[in-house]
Amino acid sequence: MSQDAPNGPLLDPEEGTTRRNFLKAAAVTTAGVGAVAASLAPLRELDATFDKEAWLQKHYHELTPAEMDKVLARLEDEAKAEYGVDVTVRDVKPKAKTKYAYALNLGVCVGCRRCAYACEKENNTSRAPGKQYIRVLEMEQGGIDLETANHQYDPETVPQPGKFYMPVQCHQCDKPPCTKVCPVNATWKEPDGIVVVDYNWCIGCRYCEAACPYWARRFNFEKPVLNPADMNTDTAYLSNRPRPVGVMEKCTFCLHRVREGRYPACLEACPTGARAFGNVYDPKSEIRYILENKRVFVLKEDVGTLPNFFYYFDA
Amino acid sequence: MDDAPETRTESPPNAWVAGGVLVALGLVAYAGVAWLLSSAAQSRTTVTEARPSLAVPFGPDRVPLETLQLHKAGFAYDCDECHYDRVRDRTPRTFVGEHSKLEFDHGRNDRCFNCHHETELTSFVTAAGDVLPSTDHVKLCAGCHGTQHRDWLGGAHGRRSGFWDRSVGTLRRTDCIVCHDPHRPAFRPIEPLPPPGVAVGPVHPPLEPHGAVQQILRTPPVVEPDTLRGPAPAPDEDAP
């Protein structure tokens with residue numbers, strides 16, 4: 001301190017830094033910092049609730065249990081801040097020795113869309129029109145013609161004479177094209193057969209939406225529109241927790257329900273009893289009864305996706 | 001002064017004993033009341049819960065469980081009040097006076113006594129002519145619709161709720177007459193909920209830019225799975 005003061009230079013003279021050089025460097029640095037700050041401005045404007053934790057969160061598979069607990073707590077706080085509702089977010093793990101399959105009786109379905117609306121409520125999907133996971137197609141009796149199928153039908157009553165109705169949702173394929181195309185591995189197939197999305201890892205490129213032959217994936221172009229009074233507060237990380245804007249979502253067979261032994265919401269809502277669900281590894285399950293006794297078929301068998309969603313005609 | 005410690009040392013045990021007796025008495029009384037209440041509740045709820053109604057709510061609950069639940073045509077009385085001395089008339093016909101509100105269309109199955117027992121009116125009849133208690137209405141249908149009944153047991157016909165995993169909870173199965181009116185069994189057409197692209201209720205201007213959709217686009221249509229066609233029946237454990 002006493003040495004440097006008389007010598008004049010602010011920095012070590014041995015490194016050749018003169019006052020002139022230093023000022024130059026300082027000016028450049030300041031300009032750089034300014035530019036970085038300017039480029040970050042949109043981030044600052046992003047959201048008052050912008051959260052470094054969410055930004056730096058690891059992939060679902062890399063989270064330790066302790067980290068997962070923290071993430072779940074954070075998601076609950078976020079939901080509270082966003083909607084003012086106490087939502088529980090759980091991480092429901094798959095059951096051992098279980099693989100789910102679904103069967104739908106087209107001879108009985110009347111196309112009332114109760115399933116689609118029950119799903120919307122159960123899974124907190126955006127109430128903006130068109131976001132429902134289940135699309136009910138109306139077709140002429142005599143064949144399955146997806147080209148001329150109509151999902152906007154709106155008669156006084158259903159079923160209409162000469163028509164039949166085919167609800168389509170995620171088929172939880174054994175060879176899912178959607179997970180293959182994901183560039184960041186944000187969507188994958190769980191051991192129990194359910195194809196899931198990590199909403200915090202998804203970058204919103206929508207490749208999966210394009211890859212799906214069943215039109216089963218939905219993209220949140222806008223922040224999901226939810227009615228806090230009407231929200232399902234029992235949620236799971238991989239299924240029905242409130243989603244951010246710009247991510248993909250899809251039917252998970254109500255993962256948070258079925259992994260606890262319950263039926264999916266769409267099944268319970270069906271007034272005709274057209275839907276059946278169960279564990280294909282259990283020889284006494286309803287799904288096995290149907291697979292063994294009915295002439296089941298899958299949609300677009302030729303594309304080789306090996307769906308776990310079966311249709312059959314029977315009264 | 002000497003008494004004081006004594007009372008202190010002795011009175012607690014006394015209080016304990018007294019308290020214990022009181023608690024025991026209370027428990028006994030509680031158990032009794034609970035038993036009374038539960039048995040009362042059981043006999044009471046079975047009337048309303050044993051069998052679910054078709055879309056309409058149940059009528060006055062003075063109809064005991066043993067008789068039919070006369071809700072559809074608005075009856076609130078026992079069959080035998082009128083039928084005890086009426087001669088049975090087997091001809092199929094349109095009813096003019098009593099039972100005229102009863103809509104009947106069961107195809108070729110057009111004889112009342114195919115299902116109702118001729119002498120035991122509050123019961124049903126088996127194919128062999130035996131009395132079938134009114135609570136066994138599923139067996140009644142099964143007698144003629146074996147295929148559907150088998151599928152119903154197997155899980156391919158009729159509606160279910162509860163737990164697919166029977167080790168976790170019970171499965172509930174909806175009975176035939178919840179979906180099919182026994183007298184007019186064809187499944188009635190129902191009103192569909194609106195198509196996905198159509199906004200219902202208070203809609204904001206359609207061309208508002210992104211992000212402005214904070215408020216609800218529409219009030220959700222009421223979906224009440226359980227009440228849609230009557231409540232689900234009592235849990236059924238003997239499913240396959």
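The values are calculated or read from the model by the stated rules, or taken from the named source; none is laboratory data. Keep in mind it's a predicted model, so treat the numbers as computed, not measured. When we count neighbours, we look across all protein chains shown, and the Cβ atoms used for this are built from the backbone with ideal geometry, even at glycine. Ligands, DNA and RNA are stripped out before the accessible areas are found, and what is left, the full protein with its side chains, is counted by its heavy atoms. Shrake-Rupley method; radii C 1.70, N 1.55, O 1.52, S 1.80 Å.
So A:Ala216 clears everything in (1) surrounded by 21 or more Cβ atoms within 10 Å (Cβ to Cβ); (2) within 14 Å of another protein chain (Cβ to nearest Cβ); (3) more than 12 Å from the chain's Cα centre (by Cα) except one condition, right? Which one?
Tallying (1) surrounded by 21 or more Cβ atoms within 10 Å (Cβ to Cβ); (2) within 14 Å of another protein chain (Cβ to nearest Cβ); (3) more than 12 Å from the chain's Cα centre (by Cα), A:Ala216 fails exactly one: (3).
Just one of the numbered conditions (1) among the small types (Gly, Ala, Ser); (2) touching a residue at least 60 places away in the same chain (Cβ under 8 Å); (3) under 20 Å from B:Arg173 (Cα atoms) is not true of A:Ser239; which one?
(3)
If I go through the stretch A:283-311 residue by residue, how many of them are more than 7 Å from every other protein chain (Cβ to nearest Cβ), in contact (Cβ under 8 Å) with a residue 24 or more places away in the chain and either farther than 23 Å from A:Lys250 by Cα or in a helix (DSSP H, G or I) (or both)?
Total meeting the criteria: 4.
Just checking, which of A:Phe277, A:Phe221 is at pLDDT 95 or above and of a type in the set (A, V, I, L, M, F, W, C)? Don't jump to the end; show me each part of the working.
Numbers: A:Phe221 fails: at pLDDT 95 or above.
Result: A:Phe277 is the single residue among A:Phe277, A:Phe221 that is at pLDDT 95 or above and of a type in the set (A, V, I, L, M, F, W, C).
Within the stretch A:176-213, which residues are more than 21 Å from A:His256 (Cα to Cα), assigned to a loop (DSSP other than H, G, I, E, B) and free of Cβ contacts under 8 Å to residues at least 60 places away in the same chain?
Result: A:Cys182, A:Pro183, A:Val184, A:Ile203, A:Gly204, A:Cys205, A:Arg206, A:Cys212.
Any idea which of (1) touching a Ser or Thr at 6+ places or on another chain (Cβ under 9 Å); (2) modelled with pLDDT under 95 is the one A:Cys115 doesn't satisfy?
It is condition (1) that A:Cys115 fails.
Count, please, the residues in the stretch A:133-154 that happen to be at the interface with chain B (Cβ under 7 Å from one of its Cβ atoms) and without any contact (Cβ under 8 Å) to a residue 40 or more places away in the chain.
Looking only at that region, the number is 3.
Starting from the stretch B:170-198, keep only residues that are facing chain A (nearest Cβ under 10 Å) and farther than 17 Å from A:Ala118 by Cβ, then list their pairs with residues that are of a type in the set (Asp, Glu) and surrounded by fewer than 19 Cβ atoms within 10 Å (Cβ to Cβ) whose Cβ atoms are within a distance under 8 Å, requiring at least 6 positions of separation or different chains.
Listed by first residue and then by second, the contacts come to B:Leu171/B:Asp236; B:Leu171/B:Glu237; B:Arg173/B:Asp236; B:Val198/A:Asp154.
How about the stretch A:220-264: which of its residues are touching a Gly at 6+ places or on another chain (Cβ under 8 Å), under 20 Å from A:Cys208 (Cα atoms) and outside any loop (DSSP other than H, G, I, E, B)?
Of everything in the stretch A:220-264, just one residue is touching a Gly at 6+ places or on another chain (Cβ under 8 Å), under 20 Å from A:Cys208 (Cα atoms) and outside any loop (DSSP other than H, G, I, E, B), namely A:Met248.
Looking at the stretch A:90-118 only, could you name the residues that are open to solvent by 10 Å² or more (accessible area, probe 1.4 Å) and within 18 Å of the chain's Cα centre (by Cα)?
Those that are open to solvent by 10 Å² or more (accessible area, probe 1.4 Å) and within 18 Å of the chain's Cα centre (by Cα): A:Arg90, A:Asp91, A:Val92, A:Lys93, A:Pro94, A:Ala118.
Test A:Ala128 against the stated conditions and say whether it is surrounded by 13 or more Cβ atoms within 10 Å (Cβ to Cβ) and either over 19 Å from A:Arg217 (Cβ atoms) or more than 17 Å from the chain's Cα centre (by Cα) (or both).
It is false that A:Ala128 is surrounded by 13 or more Cβ atoms within 10 Å (Cβ to Cβ) and either over 19 Å from A:Arg217 (Cβ atoms) or more than 17 Å from the chain's Cα centre (by Cα) (or both).
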